Structures are given as structure tokens and as C-alpha cells.
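In what follows, a structure is listed as C-alpha cells, so that the remarks can point back to it.
The values are calculated or read from the model by the stated rules, or taken from the named source; none is laboratory data. Since this is a predicted model, take the numbers as computed values, not measurements. Neighbour counts are summed over all protein chains in view; Cβ atoms, including those assigned to glycine, are modelled from backbone coordinates with ideal geometry. Remember, those area values only see protein heavy atoms, side chains included, never the ligands or the DNA or RNA. Shrake-Rupley method; radii C 1.70, N 1.55, O 1.52, S 1.80 Å.
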Amino acid sequence: MTLTPAGRAASPGRLALATTALLCATALVAACSGPPHGADQAGVQLSATTPPAKGELDSFTWATYAEPPTLDYIQAFDYPQNTILSNVCESLMRWTPQLTLAPGLAEKAANPDPTTWVYDLRAGVHFHDGTEMTADDVVYSLGRQTNPDNAAAWAQVFQNVDSITKTGPLQVTVKLKQPDSQFPQYMATAAGVVAAKAGVEAAGKDYGTTGGLDCTGPFKLGTWAKGQSLELQRFDDYWGTKAKSKKVVFSFLTDSSARTNAMLTGDVDGGYLIPTESYDRLRKSGPGTLYFGEGLSTVNVNVTDMKGALGDVRVRQALSLALDRSGFIKTGLAGAGTATGSLTTRAAWAGAPDDVRRNAFDGLTPTAQDIDKAKALVKEAGASGKTLVMATSTIGQDVSLLATAVQAAGTKIGLDIQLKTIAPNAFTALFTDAKAREGIDMFPETYYDSITDPLDLLVNFRTGAYQNFAGYSDKAYDALVDRATAEYDPAKRGAIEAELQRTASQQLLWIPVAEWPTAVFLNKRITGAPTTISYMYYPWAADVGAAR
């Protein structure tokens, strides 16, 4: 679903779904293809992965930019939570390092008719408390996502679910109100996590913040020193391949300079979400290697309030035209990015036919500056001198410099854009708490897809959607979202999504800025971590081991 904030993440590999056939990933080997790897993105070579580990480790340390407020899977929508949780809790399906869909806790997923999904579970899978997983645990775990009292971040995924029932000791059947092409894809994300019913109920309101998580992953939750670090311990009764390290320690380093220095000195062994201002130092330092991989991420300006000046599309267009995207990419992303007028990444359209992809990207938001036209639009809208508030944070240069770039753009065209600084640990609240967004008109957002489907992002502008903070509402747009959701054929769905993309671009519901690859740093003693955004839902830490 960000932070740099990311939207509630969304997306596993490209799917070719047939309403009366098995999901392509029901075989034990993933057959779906994902986005291309090994390509250059603005001079940055994308690596498919890092070298495989040569041996085991007693432990390794990992840097994160913020401490998770909770590890309850129903609230796992952001980088800090999912980077850790993906190694502890598992889902019915699995997102692979190649961004494809594969079997997870369900060894088979069948789609006997357009509104039915049947999940056959693996036998002999143990929770961290030693009990065996059953269909009852799956029904309960998914049910927590649908309970309105829980205000789950993933509730939107279940909007078309009519019932989730146990149809055998190791079988769960999901009945849909209508066909939903997105639901089976999201079962590889935190939306599809399975935890022990007994453990969650015993923890009550404290689940996710104290004690264990009672999941099935290759690691179990160890000591959590609030404000400092969190430890994961290898789960030796894991059903799959045993983790190569006995322990992982996550260090919460909110200051970007401190994170970089910790990597350079060896105080931590690696990390994702590398501060962009540190790319050159880490590339040239010698202690390790900086890798780039497919990120399925776009950097945007999230428009959170359309009651003021931003309610006029001409003002949003003016800001977009005045924004120096190339300058921001050079400074804010250290050159590792590509200017875009699209809110979705090109890789998210990997499953669409060539003509659909062309239609989706033709005539979108211009990326070149045009100050004169922008000034004229502001004047025409009667917005000259209007004040807007842009949130910023010290999370990383990508956030702070985008905010200052937007402020500079506003100054050039007659808008007064004020910056409001928010602490890194509090930035996540912008996505969950309407009060945290009060008085804020926009903020920098790096949105990552949790599934390789452009609808993951485009659905955010449906009336009442989780990230539709500005309250945009258009019945025609909603109808297109419904049509795309119900369409299992990827070519037909892509054509509808291209229409949605054009509407989002014309209305500038968010302002697109750049595509941005994933970055990961590994020092010389460790290797094996995936380079792609898959680390959000794949147990990446289990693959990390000794480099020598």
C-alpha cells in the first residue's frame, strides 16, 4: 500500500486468469511472468537479484527508517511493517522475488466459476506456538480483515466477498458477490495472511504490539526494544526451506545520515529504502554493494484536500506544469529515476497487449516545464496568492526535496506554498488518521504496487476508497473501476484500466513525478536478499546468508 510513504501496497506477478480455470500459480512452480528485469532506468542497471548465499549466519542486522506502530497484519500497509512482517507471517499465496504469483500456505487455488475461489491448504504447517494450521485459522484470519470494527487497511480487498467458509479440514472456499480479478492477486499480500486463531484471540487488543504474532513464517518474533530495535528468531519447525540466519535484528534509524553511516561502518549489514543522498557514497565506499531492482513505484504528490484552491483542476495542472521533474530526479533521487506523467509504472502493465499499453500512456500529463502556461492557469482560476500547505519530513531526501520542489514551483506561478514538517515516525499517520491530514493540502508519496496490476493504484480514486483522501467522486470513474474489477481477461481489463489512467491524468487526482527503482545495500559479509519490491510480502530475510 509509502514512506518514503507508500500507498497501501499492492502487486504480485502478472496474472492470466480464466474464470473456469485454475489460477496460473496453482502449480507448484510459478508459471506467471513478471515485469522485465536487467533493464536500465535512467542510467541505473536493474539487477534481478543478489548472489545466492554460500552458508549460514548466526545473525545479521538491518536498518529501517521507522519503527512499526504495530505488526498486526490487518494494519500492515507500509514499508516498516511489511519489511519485518513478511518474514514472520505468511499468506495463502506468495509473491516471488521475480514478482510472480506462487503457492503459499495454500498449495492450490482453484476458480471453478467466476464467483468462487477454493484454497486447498498445505498439511503439517505449524504456527510459532507449535499448533498446526487448519481451515478454521484461515477463516478467522481473513474474517478479521472484513470486520468493520477492526478498520483494516486491507478491507477494500474484501469488498466483493460474500462469504469465507471452511469446506474441509484443509480447504477454504471464498464466495464473491461478483467476479473480482483483484481478490486472488491480493491473497499474496498482507491481505491474505494467516495467523493462529487462538493466539490472536488470547492477545486481544495487544495483538501486534506485544508478545508473539503466532504466524507460520521462517522467523518468529523475538525481543522488541521499543524505540530501538526488534529481533526475529529462526523458526526451526518451519514447513519450507529453513532460514540461513539464526537471528535478524532490525535497527530503527529515523535519521537518514545515521542509517547511511551505520551501513558504512558495519553497525548494520544492510537495508532497503536507501536514502537517495547516500547512493554515491554507498556505491563508492567499498564496505558493500548497492543494488537496484524493479520497484513498481512511482513518486507522486498526493492531493489530500480539494476544498481549497486545489479543488480547481487548473491549479493542479499549473503545479504539475511548473514542477521541475528532471531537477528533482537529479537531486531528490540522485539520478535514479525517470520523469513520468503516469501514476502507474510501465511494469504494472506488463500483462497488457502492446496496443493497450500504448493507449494507457499516450497523451498523459506533460512532464516538461511550462511556467508561462502554469501562470496563466493560476490566474484564470483566480488562485493567485492562494496559500497551500505541503507536508514534508526528514525521512529522506526524496521526501524533503520533492516538497521544496513543489514549493518552488508554486512560488514561480503565484501560489504561496507553506511546508509543514512531520517526524518520520508520524508520517505513517497521514495514511490512517484524518486528523493527521487536517490543514494539509498535499504530501509526497511514493506509491508501490502490491500486485502487478495498474488497478491497484487507479482504484484509489473510486468514491470512498482507502487513499481517496481528497474525496474525489465520479460515478463514471466508479463504473469503470467496477468493470475492470469484474473482468478476468487481462487484455479486456487492461483496456478499461487505460480509460481510468486517462481520467486520473486529465483530472490530476495526484500529481505524477517519477518512476523509482528499489535500492538495497548489502555489506560484504552477507548476500541473498532480493532486489525487487517483493520484500514487502516475500520472506526475504530467510534467503540472506554468508557471502563467503
Given (1) open to solvent by 50 Å² or more (accessible area, probe 1.4 Å); (2) in a helix (DSSP H, G or I); (3) small (Gly, Ala, Ser), number of the condition GLY439 does not satisfy: (2)
Subset of the range 322-332 [in a helix (DSSP H, G or I) and open to solvent by 10 Å² or more (accessible area, probe 1.4 Å)]: SER326, GLY327, ILE329, LYS330, THR331
Residue check, GLY212 under 30 Å from ALA123 (Cβ atoms) and touching a Cys at 6+ places or on another chain (Cβ under 6 Å): no
Which listed residue, of GLY212, GLY130, GLY217, is closer than 28 Å to SER245 by Cα, touching a helix residue (DSSP H, G or I) at 6+ places or on another chain (Cβ under 7 Å) and in a loop (DSSP other than H, G, I, E, B): GLY212
The listed residue being more than 22 Å from the chain's Cα centre (by Cα) and not β-branched (Val, Ile, Thr), out of ALA381, ALA360: ALA381
Cross-chain or 6+ apart pairs with Cβ under 6 Å, the range 107-128 first and within 24 Å of GLN178 (Cα to Cα), then polar (S, T, N, Q) and in a strand (DSSP E or B): TRP117/ASN111; VAL118/THR173; ASP120/GLN171
Filter result for VAL172 (open to solvent by less than 50 Å² (accessible area, probe 1.4 Å), among the β-branched types (Val, Ile, Thr) and more than 25 Å from the chain's Cα centre (by Cα)): yes
Subset of the range 261-295 (residues that are farther than 18 Å from TRP516 by Cβ and not small (Gly, Ala, Ser)): ASN261, MET263, LEU264, THR265, ASP267, VAL268, ASP269, ARG281, LYS284, PRO287, THR289
Verdict on SER163 being in contact with a strand residue (DSSP E or B) (Cβ under 7 Å, 6 or more places away or on another chain), of a type in the set (Ser, Thr, Tyr), part of a helix (DSSP H, G or I) and at pLDDT 95 or above: no
Filtered residue count, the range 366-400, keeping only those that are among the hydroxyl-bearing types (Ser, Thr, Tyr) and surrounded by 20 or more Cβ atoms within 10 Å (Cβ to Cβ): 3
Subset tally (residues that are modelled with pLDDT under 95, farther than 16 Å from ARG259 by Cβ and open to solvent by 40 Å² or more (accessible area, probe 1.4 Å)) for the range 281-305: 1
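Rundown of residues vs (1) in contact with a strand residue (DSSP E or B) (Cβ under 6 Å, 6 or more places away or on another chain); (2) among the polar types (S, T, N, Q); (3) in a helix (DSSP H, G or I), yes/no style:
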{"residue": "SER384", "(1), (2), (3)": "no, yes, no"}
{"residue": "THR394", "(1), (2), (3)": "no, yes, no"}
{"residue": "LEU401", "(1), (2), (3)": "no, no, yes"}
{"residue": "THR404", "(1), (2), (3)": "no, yes, yes"}
Residue satisfying condition, being open to solvent by less than 30 Å² (accessible area, probe 1.4 Å) and either under 27 Å from GLY212 (Cα atoms) or in contact with a strand residue (DSSP E or B) (Cβ under 6 Å, 6 or more places away or on another chain) (or both), within set SER278, SER245: SER245
Positions within the range 289-321 being over 25 Å from the mean Cα position of the chain (by Cα), farther than 19 Å from ALA391 by Cβ and either of a type in the set (A, V, I, L, M, F, W, C) or in a strand (DSSP E or B) (or both), in sequence order: VAL313, ALA318, LEU321
Qualifying residue in the range 498-517 (condition: buried (at least 20 other Cβ atoms within 10 Å of the Cβ) and under 17 Å from LEU290 (Cα atoms)): yes
Qualifying position, being in a helix (DSSP H, G or I), of a type outside the set (Ser, Thr, Tyr) and within 30 Å of ASP255 (Cβ to Cβ), among ALA409, ALA360, ALA336, ALA348: ALA409
Matching residues in the range 472-497 - criterion: being surrounded by fewer than 17 Cβ atoms within 10 Å (Cβ to Cβ), small (Gly, Ala, Ser) and closer than 16 Å to VAL356 by Cα: ALA491
Where ARG122 falls short, out of the listed (1) modelled with pLDDT of 95 or more; (2) open to solvent by less than 10 Å² (accessible area, probe 1.4 Å); (3) within 30 Å of GLY204 (Cβ to Cβ): (2)
Residue within the range 460-471 that is in a helix (DSSP H, G or I), in contact with a Ser or Thr (Cβ under 9 Å, 6 or more places away or on another chain), modelled with pLDDT of 95 or more and surrounded by fewer than 24 Cβ atoms within 10 Å (Cβ to Cβ) present: yes
